[in-house]
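A.B. asks: Sharing a structure, written as structure tokens. Questions coming.
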Amino acid sequence: MSTALLEEASQILPKLSRAEKALVLQWLVTDLGDAFPGIEQEPGICGGSARLARTRVPVWTLEAARRQGMSESEILRAFPALRAEDLSQAWAYVRSHQEEIDKDITENEV
């Protein structure tokens, strides 16, 4: 987003009534409702599967490991670039995208 748009928004916001601000907030919440900080999806990386930001570790890989009985500490040892926070983000994504993760696990089973 351009700095000019943010500046324009900062000038408009104080002029809105509380009801109008509430409506804008509802729009933002709706727009960001499926946002998961730390999770990225790009067509050319990891086959487009959801992955942890700054890594090439797909969320489905972590969930598959968890389903096979690996503890969080074992997963962190197996993926040294990850932090506990990364796992929390992955598990939140799994809870909200269960069908997608199940499909990715099924498609990638060897």
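A.B. asks: Which of (1) part of a helix (DSSP H, G or I); (2) exposed (fewer than 13 other Cβ atoms within 10 Å of the Cβ) is the odd one out, the single condition residue 94 does not satisfy?
C.D. replies: Just one mismatch for residue 94, condition (2).
A.B. asks: May I pose another question? Kindly indicate the residue of region 67-81 that is in a helix (DSSP H, G or I) and either touching a residue at least 12 places away in the same chain (Cβ under 8 Å) or hydrophobic (A, V, I, L, M, F, W, C) (or both) and also most open to solvent (accessible area, probe 1.4 Å) among those meeting that condition.
C.D. replies: Here the residue is 67.
A.B. asks: Taking residue 75, is it in contact with a Leu (Cβ under 7 Å, 6 or more places away or on another chain) and β-branched (Val, Ile, Thr)?
C.D. replies: Here the answer is yes, as residue 75 does meet what is asked.
A.B. asks: Take residue 51 and decide whether it is touching an Asp or Glu at 6+ places or on another chain (Cβ under 7 Å), of a type outside the set (Asp, Glu) and modelled with pLDDT of 95 or more.
C.D. replies: Yes: the conditions hold for residue 51.
A.B. asks: A follow-up question, please. Pairs, please: C-beta under 6 Å, at least 6 apart or cross-chain, first residue within 17 Å of residue 97 (Cα to Cα) and touching a residue at least 40 places away in the same chain (Cβ under 8 Å) and in region 48-60, second among the small types (Gly, Ala, Ser) and in a helix (DSSP H, G or I)?
C.D. replies: Matching pairs, first to second residue: 59/90.
A.B. asks: Any idea which residue in region 82-91 is nearest to residue 59 (Cα to Cα), counting only those that are in a helix (DSSP H, G or I) and not acidic (Asp, Glu)?
C.D. replies: Per the stated criteria, the residue is 90.
A.B. asks: Same structure again: Can you find, within region 37-47, the residue that is nearest to the chain's Cα centre (by Cα) among those that are touching a residue at least 24 places away in the same chain (Cβ under 8 Å) and open to solvent by less than 60 Å² (accessible area, probe 1.4 Å)?
C.D. replies: 39
A.B. asks: So which residues in region 48-63 are more than 17 Å from residue 92 (Cβ to Cβ) and surrounded by 12 or more Cβ atoms within 10 Å (Cβ to Cβ), if there are any at all?
C.D. replies: 48 - this is the single residue of region 48-63 that is more than 17 Å from residue 92 (Cβ to Cβ) and surrounded by 12 or more Cβ atoms within 10 Å (Cβ to Cβ).
The values are calculated or read from the model by the stated rules, or taken from the named source; none is laboratory data. Computed from a predicted structure; not experimentally measured. Heads up, the Cβs are rebuilt from the backbone with ideal geometry, glycines too, and the neighbour counts pull from every protein chain shown. Side chains are part of the model used for accessible areas, which takes the heavy atoms of the whole protein and leaves out ligands, DNA and RNA. Shrake-Rupley method; radii C 1.70, N 1.55, O 1.52, S 1.80 Å.
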